[in-house]
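The values are calculated or read from the model by the stated rules, or taken from the named source; none is laboratory data. Keep in mind that this is a model prediction, so the values were computed, not measured. Cβ atoms come from the backbone with ideal geometry, glycine included; neighbour counts cover every protein chain shown.
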Amino acid sequence: MKDHAQNDRLAWWREARFGMFIHFGVYAVSGHGEWDYYYEHIPQDEYVRLADRFVPEHYNPREWVRIAQDAGMRYMVMVTRHHDGFCMYDSKVSDFTSTKRAAKRDFIAEFAEACHSAGMRMGLYYSLVDWRFPGALFNIPRQPDEVYAPMVEQAHAQVREILTNYGKVDILWYDMAVPAGVWRAEELNAMARELQPDILINNRAGTPEDFGTPENAIVPEKRAWEACYTMNETWGYAEGDRNWKSANQLIYLLATCASGGGNLLLNVGPEPDGRFPREAVDRLRQVGAWMRTNGAAIYGAQPSPVTAPALGWGTYAGGKVYLIILRWPGSTVPFAWCANKVLKAKLLITGEEARIEQKGDRVWLHGFPEYPPDNLPSVIELTLDGEPKAAVPSFGLGDTRET
Ligand code: GLC
């Protein structure tokens, strides 16, 4: 069923297509990723001592926002409280917070100020599960519902806090409704929408809400969806994780999401002092340069029925079709199954226009460079005689547009 109010609320998000996820918390200190408390069985008192070493002297969310903007990202989602229970803000219902422990700062207040003053859309991540509570660890049998009541009460109180104290919140990004079925998700989301009427809510509290969240995977849905991805293999900072995706791979992910009508939420795990890892900054800079030339293929992109499946992805945005070429074929770019007449074909990186040859649904774009014009994917902008139409059923990711 078409929900007009929901479509309106999603309009900016669909246009944005590219956002930054930030996992920052006590776990940055150990540098083993955000599951260290769980996997390493760190005793609570020891974890609290770790929290007392979490004093990120270079924490500067204005700089983060600048880096995200420069990368072409249009929204940012930051962890307010992960599964370890440590609040990155001033929670009145917990003592395990950044304001009460050594850092003595409300990181979310500073993040919100940075986003709002730069016109950056702001999302807040909140983990429902808090491993410090009875019954919350995964390896114990399901307990009676009353056992979880204090954790559920905390969640309701804290969601209220983060949606009350930091001005406009554009996205509420839940995680880990474990155990399932105890969270009173409808009630929680009704409160969220009352506090922030335009808010977008993800599907991880146990109700579908506004968008799906495939994780480290691209799984197009008929409704709004956003793939969240690590830039290496870990969400929180992990010193030993050197498996960084290249700028090319990141653009591949972004283009794949856009061509399936979805968003990419790309993660950064800041170092304990609050700075982004150099590897992340380098890649974001390269992606940003690419976006400045080719962003028209990404912002507001929908799947395109006209595409060049042998060469890469196709998107449809702003009335144009964009061929995002991953495998540059040489001076002639051929494609097929195009039911439109192609009026113009322009290579975005050089501005060159092709000589177009078309026979029925087959198209050859002649006169482009023999060798790949960029080390990163090259984008060709097609002007067609109308709405793009495929001459045969679509290929690629399929048609995921809403009906
Ligand atoms: C998972 C993980 C978590 C990460 C998240 C991001 O649920 O538990 O550490 O925050 O996914 O999608």
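For region 29-61, which positions are in a loop (DSSP other than H, G, I, E, B) and within 16 Å of the ligand (Cβ to nearest atom)? Steps first, answer last, please.
Taking region 29-61 first, the residues in a loop (DSSP other than H, G, I, E, B) are 31, 33-35, 40-43, 52-60.
Residues satisfying the conditions are GLY31, GLY33, GLU34, TRP35, GLU40, ILE42.
Given (1) under 22 Å from TRP64 (Cβ atoms); (2) within 16 Å of the ligand (Cβ to nearest atom); (3) touching a helix residue (DSSP H, G or I) at 6+ places or on another chain (Cβ under 7 Å); (4) aliphatic (A, V, I, L, M), where does ALA205 come up short, assuming only one miss?
All conditions are met except number (1).
Out of the residues in region 168-202 meeting the condition of being under 14 Å from the mean Cα position of the chain (by Cα) and not aliphatic (A, V, I, L, M), tell me which one is farthest from ASN7 (Cα to Cα).
ASP175
Collect the residues in region 364-403 that are at pLDDT 95 or above, of a type in the set (A, V, I, L, M, F, W, C) and buried (at least 19 other Cβ atoms within 10 Å of the Cβ), keeping them in residue-number order.
Of everything in region 364-403, those that are at pLDDT 95 or above, of a type in the set (A, V, I, L, M, F, W, C) and buried (at least 19 other Cβ atoms within 10 Å of the Cβ) turn out to be LEU365, PHE368, LEU376, VAL379, ILE380, LEU382, LEU384.
Could you tell me whether any residue of region 16-23 is in the same structural domain as VAL129 (by TED's automatic domain parsing), of a type in the set (Val, Ile, Thr) and out of contact with any strand residue (DSSP E or B) (no Cβ under 9 Å at 6 or more places or on another chain)?
no
Tell me which of these PHE18 doesn't satisfy, since it passes every other one: (1) farther than 23 Å from ALA224 by Cβ; (2) at pLDDT 95 or above.
(1)
Does HIS82 satisfy the criteria of being within 19 Å of the chain's Cα centre (by Cα), more than 16 Å from the ligand (Cβ to nearest atom) and in the same structural domain as TYR59 (by TED's automatic domain parsing)?
no
Are any residues in region 167-193 within 16 Å of the ligand (Cβ to nearest atom) and in a loop (DSSP other than H, G, I, E, B), and if so, which ones?
Answer for region 167-193, where residues must be within 16 Å of the ligand (Cβ to nearest atom) and in a loop (DSSP other than H, G, I, E, B): MET176, ALA177, VAL178, PRO179, ALA180, TRP183.
If the Cβ limit is 6 Å and pairs must be 6+ apart or interchain, which residue in region 80-98 that is among the aromatic types (Phe, Trp, Tyr) pairs with which residue that is assigned to a strand (DSSP E or B) and within 16 Å of the ligand (Cβ to nearest atom)?
If the second residue must be assigned to a strand (DSSP E or B) and within 16 Å of the ligand (Cβ to nearest atom), the pairs left are TYR89/THR80.
Hey, can you tell me all the residues within region 224-241 that are touching a residue at least 24 places away in the same chain (Cβ under 8 Å), surrounded by fewer than 17 Cβ atoms within 10 Å (Cβ to Cβ) and charged (D, E, K, R)?
GLU239
Filter region 194-206 down to residues that are assigned to a loop (DSSP other than H, G, I, E, B) and of a type in the set (D, E, K, R) and give me whichever is farthest from PRO144 (Cα to Cα).
Within region 194-206, the first condition is being assigned to a loop (DSSP other than H, G, I, E, B), and the residues that meet it are 196-199, 203-206.
If we keep only those that are of a type in the set (D, E, K, R) as well, we get 198, 204.
Working: ASP198: 36, ARG204: 22 Å.
Of everything passing the filter in region 194-206, ASP198 is farthest from PRO144 (Cα to Cα).
I'm trying to understand the selection: among the residues of region 112-133, which are without any contact (Cβ under 8 Å) to a residue 60 or more places away in the chain and either more than 13 Å from the ligand (Cβ to nearest atom) or closer than 16 Å to GLY19 by Cβ (or both)?
ALA112, GLU113, ALA114, CYS115, HIS116, SER117, ALA118, GLY119, MET120, MET122, LEU124, PHE133, listed by residue number.
Of all residues in region 211-227, which are assigned to a loop (DSSP other than H, G, I, E, B), at negative phi, at pLDDT 95 or above and within 16 Å of the ligand (Cβ to nearest atom)?
Across region 211-227, the qualifying residues are THR213, PRO214, ALA217, ILE218.
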